[in-house]
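Following: one structure in structure tokens, then a few remarks.
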Amino acid sequence: MKTLRVALAMTLAIGMTAMASARSIVDINVDKAEKQMEYMISTLKNPGVDNPVSVKNDGTLRLMRPDDWRSGFFAGSLWYLYELSGHEKWRTLAEKYDTSIEEVKNLTSHHDVGFMIGSSFGNGYRLTDNASYPAVIVQTARSLCTRFRAKAGVIQSWNSFKQWKCPVIIDNMMNLELLFEATRLSGDYRYYNIAISHIEHTLANHFRADGSCYHVLNYDTSTGAVTAKVTAQGYADESAWSRGQAWAIYGFTMAYRYSGDIRYLNQARKTFEFMRNHPNMPNDHVPLWDMDAPEANPERDASAGAIIASALLEMAKYVPVSESKSYRKYARSIVESLSSADFLAQEGSNGGFLLMHSVGSKPANSEVDVPLNYADYYYLEALKRLRDWGEK
């Protein structure tokens with residue numbers, strides 16, 4: 001009996017230490033994030049309107065228009081800061097940024113309105129129950145559904161160009177959360193059914209046998225046939241573009257949350273295991289921009305690391321205990337790496353962004369080894385999810 005009591009005491013002590021440690025890394029880095037955000041806001045001419053996405057070569061902030069696919073992430077980061085800190089100033093500013101991009105709800109020219117409105121209005125409604133937000137979310141879902149191609153069963157990503165008539169990118173999985181939420185808010189299952197159709201075709205067509213995914217598929221909208229499997233942002237058509245793998249892990253985990261279909265969770269697990277076991281995965285678990293990049297010292301992609309960490313902390317809720325512990329441990333190792341001096345910017349530097357060393361599009365030589373607002377967003381989301389685990 002004495003041995004049992006000692007064992008229980010040790011287990012409780014270990015558990016309490018782990019919980020305190022989880023809160024500690026969150027508290028420390030939320031404090032740093034608030035100071036960085038305060039610095040960035042102080043440099044803006046029109047806070048609440050000027051929307052930062054990265055930095056220019058001269059170190060000044062690169063701003064974006066409301067119709068840029070990344071326009072909701074800055075507001076989303078403010079919402080997470082509000083949630084993590086409890087400080088009302090972040091809520092007030094987040095609401096201003098939401099208002100500045102509300103026109104996105106009627107945008108039909110591309111597929112990324114789910115990113116844009118989900119990260120901003122979606123988080124705002126989750127945290128405040130603002131009665132005006134559901135109408136924006138549902139109208140945005142209605143706009144996104146105009147891009148559904150019924151015979152192919154998918155939501156078209158980019159508009160037709162060159163030889164691509166109906167390109168669908170793996171990133172598009174992330175926009176489907178908007179449709180699930182629209183059904184939850186409106187009761188209209190058309191949005192849910194379109195999301196499931198897109199997921200099913202992505203599951204059937206986008207993945208290789210090893211669990212990795214292609215970036216771009218082209219569909220024939222008259223027959224539904226896949227006519228090309230290529231890349232636009234990776235090193236090669238058959239390489240593993242890291243942020244694409246991250247979108248797949250996150251997107252299929254989210255799909256399981258709303259559908260309960262175990263096949264979706266299993267795909268997320270398989271793609272993660274591909275990344276975890278890849279021989280080129282760095283020891284700190286922050287991926288190369290492409291896992292098959294041929295350079296001697298390939299750039300890292302902090303955004304891919306943040307997305308994977310956040311996804312794993314959700315995935316850990318749905319799997320057996322031993323696997324859950326493994327996923328949480330791996331996610332925490334990514335967060336610790338991103339929170340180190342190697343990736344987390346010093347206060348007053350990096351244009352006010354939190355993370356350094358992300359890659360937008362290496363083939364286009366666009367936003368290579370720079371801060372990106374969506375890297376910060378998913379980093380803060382990972383901190384929030386890590387805190388949730390710690391507090392349990």
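The values are calculated or read from the model by the stated rules, or taken from the named source; none is laboratory data. Only a predicted model underlies this, so the values are computations on that prediction, with no experimental measurement involved. Because the Cβ atoms are built from the backbone with ideal geometry, glycine has one as well, and the counts that use them run over all protein chains shown. To get the accessible areas, we keep the full protein, side chains included, count just its heavy atoms, and leave off ligands, DNA and RNA. Shrake-Rupley method; radii C 1.70, N 1.55, O 1.52, S 1.80 Å.
A residue that is open to solvent by 30 Å² or more (accessible area, probe 1.4 Å) and modelled with pLDDT of 95 or more cannot be found anywhere in region 160-175. Taking region 40-55 as the range and being surrounded by fewer than 16 Cβ atoms within 10 Å (Cβ to Cβ) and part of a helix (DSSP H, G or I) as the test, the residues that pass are SER42, THR43. For region 330-341, filtering for residues that are without any contact (Cβ under 8 Å) to a residue 60 or more places away in the chain and open to solvent by less than 40 Å² (accessible area, probe 1.4 Å) leaves 7.
Give the residue that is least open to solvent (accessible area, probe 1.4 Å), with candidates limited to residues of region 72-119 that are in a helix (DSSP H, G or I) and acidic (Asp, Glu). Break it down into steps so the answer makes sense when it comes.
Taking region 72-119 as the starting set, the residues that turn out to be in a helix (DSSP H, G or I) are 73-85, 88-100, 102-106, 113-119.
This time we only want the ones that are acidic (Asp, Glu), so: 83, 88, 95, 98, 102-103.
Working: GLU83: 38, GLU88: 101, GLU95: 52, ASP98: 1, GLU102: 62, GLU103: 126 Å².
In this case the residue turns out to be ASP98.
Does LEU185 satisfy the criteria of being touching a Pro at 6+ places or on another chain (Cβ under 6 Å), in contact (Cβ under 8 Å) with a residue 24 or more places away in the chain and either surrounded by fewer than 24 Cβ atoms within 10 Å (Cβ to Cβ) or part of a helix (DSSP H, G or I) (or both)? Show your work before the answer.
Values: touching a Pro at 6+ places or on another chain (Cβ under 6 Å): yes; in contact (Cβ under 8 Å) with a residue 24 or more places away in the chain: yes; either surrounded by fewer than 24 Cβ atoms within 10 Å (Cβ to Cβ) or part of a helix (DSSP H, G or I) (or both): yes.
Judged against the criteria, LEU185 is a match.
Taking the options ASP27, ASP58, name whichever one is open to solvent by 70 Å² or more (accessible area, probe 1.4 Å), out of contact with any strand residue (DSSP E or B) (no Cβ under 9 Å at 6 or more places or on another chain) and not in a helix (DSSP H, G or I). The match here is ASP58.
If you scan region 128-150, which residues turn out to be more than 27 Å from LYS165 (Cβ to Cβ), open to solvent by 50 Å² or more (accessible area, probe 1.4 Å) and modelled with pLDDT of 95 or more?
The initial filter retains those residues of region 128-150 that are more than 27 Å from LYS165 (Cβ to Cβ), namely 128-139.
Then drop every residue that is not open to solvent by 50 Å² or more (accessible area, probe 1.4 Å), which leaves 129, 131-132, 135.
Those that are more than 27 Å from LYS165 (Cβ to Cβ), open to solvent by 50 Å² or more (accessible area, probe 1.4 Å) and modelled with pLDDT of 95 or more: ALA131, SER132, ALA135.
Within region 335-392, the set of residues being over 18 Å from MET315 (Cβ atoms) and modelled with pLDDT under 95 comprises just one member, GLU391.
Scan region 210-222 for residues that are assigned to a loop (DSSP other than H, G, I, E, B) and either in contact with a helix residue (DSSP H, G or I) (Cβ under 6 Å, 6 or more places away or on another chain) or under 15 Å from GLY244 (Cα atoms) (or both) and the total you get is 5.
Open to solvent by less than 10 Å² (accessible area, probe 1.4 Å), of a type in the set (Phe, Trp, Tyr) and within 19 Å of ARG300 (Cβ to Cβ): does that describe TYR327? In short, no.
Being β-branched (Val, Ile, Thr), within 23 Å of ARG147 (Cα to Cα) and either modelled with pLDDT under 95 or surrounded by 21 or more Cβ atoms within 10 Å (Cβ to Cβ) (or both) narrows it down to one residue among VAL226, VAL216, VAL230, VAL286; which is it?
Values: VAL226 fails: either modelled with pLDDT under 95 or surrounded by 21 or more Cβ atoms within 10 Å (Cβ to Cβ) (or both); VAL230 fails: either modelled with pLDDT under 95 or surrounded by 21 or more Cβ atoms within 10 Å (Cβ to Cβ) (or both); VAL286 fails: within 23 Å of ARG147 (Cα to Cα).
After ruling out the rest, the residue left standing is VAL216.
If the condition is being among the hydrophobic types (A, V, I, L, M, F, W, C) and surrounded by fewer than 18 Cβ atoms within 10 Å (Cβ to Cβ), then region 262-283 contributes ILE262, MET281.
What do you reckon, is PHE207 of a type in the set (Phe, Trp, Tyr), in contact (Cβ under 8 Å) with a residue 40 or more places away in the chain, open to solvent by less than 20 Å² (accessible area, probe 1.4 Å) and in contact with a helix residue (DSSP H, G or I) (Cβ under 9 Å, 6 or more places away or on another chain)? Can you show your working first?
Working: of a type in the set (Phe, Trp, Tyr): yes; in contact (Cβ under 8 Å) with a residue 40 or more places away in the chain: yes; open to solvent by less than 20 Å² (accessible area, probe 1.4 Å): no; in contact with a helix residue (DSSP H, G or I) (Cβ under 9 Å, 6 or more places away or on another chain): yes.
Answer is no for this residue.
Please specify each residue of region 299-324 satisfying the condition of being of a type outside the set (Val, Ile, Thr), modelled with pLDDT of 95 or more and open to solvent by 30 Å² or more (accessible area, probe 1.4 Å). Before the answer, list the steps.
The first filter runs over region 299-324 and keeps only residues of a type outside the set (Val, Ile, Thr), leaving 299-306, 309-318, 320, 322-324.
Next, only the ones that are modelled with pLDDT of 95 or more stay: 299-306, 309-318, 320, 323-324.
Correct list: GLU299, ARG300, LYS317, TYR318, PRO320, GLU323.
Answer yes or no as to whether GLU381 is outside any helix (DSSP H, G or I), of a type outside the set (A, V, I, L, M), touching a Phe, Trp or Tyr at 6+ places or on another chain (Cβ under 8 Å) and touching a residue at least 60 places away in the same chain (Cβ under 8 Å). Judged against the criteria, GLU381 is not a match.
For region 342-392, taking the residues that are touching a Lys or Arg at 6+ places or on another chain (Cβ under 7 Å) and among the aromatic types (Phe, Trp, Tyr), the one that is surrounded by the most Cβ atoms within 10 Å (Cβ to Cβ) is identified as TYR374.
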